[in-house]
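The numbers here are math on the coordinates, done by the rules we state, and not lab data. On a predicted model such as this, the values are computed, not experimentally measured, just so you know. A quick note on method: Cβ atoms are made from the backbone with ideal geometry, for glycine too, and the neighbour counts reach across all protein chains shown.
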Amino acid sequence: MPNGIQDQVRDQVRAFVVETFLFGDAATDLPEQGSFIEQGIIDSTGILELVAFVEDTFGLVVADAEILPANFDSVARVADFVARKRMTAQAA
């Protein structure tokens, strides 16, 4: 996935997290690699909301086995996950 598209995914994920979990407080530091869980931004229920957002926004189906911190615990990890899913879908 070209960097421009991946940047757009990062921006959309960041905007969703700020609006949904930080109540629009854009002043809160949300580093790309920062763990949502370790920073107390998202809990396990919030991860499910994030998964639903990813499915709806990017037209992906996320399997239960894919709902892991490795895929959903930071802005960068979500963007990378979306990129991998899109590449897999294009290859099929």
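Between F81, F36, F58, the Gaussian network model of the chain with springs among Cα atoms under 10 angstrom shows the greatest mean-square fluctuation at F58. The angle between the Cα long axis of helix 75-91 and the main principal axis of the chain comes to about 10°, on a 0 to 90 degree scale. The relative contact order of the chain comes to 37 percent, based on Cα pairs under 8 Å that sit 6 or more residues apart. Taken along the Cα-to-beta-carbon direction at a fixed 7 Å, the label points for T88 and A65 span 0.9 nm. Each Lys and Arg adds +1 at its Cβ and each Asp and Glu adds -1 at its Cβ; summed about the Cα centre, segment 3-91 shows a dipole of about 360 debye.
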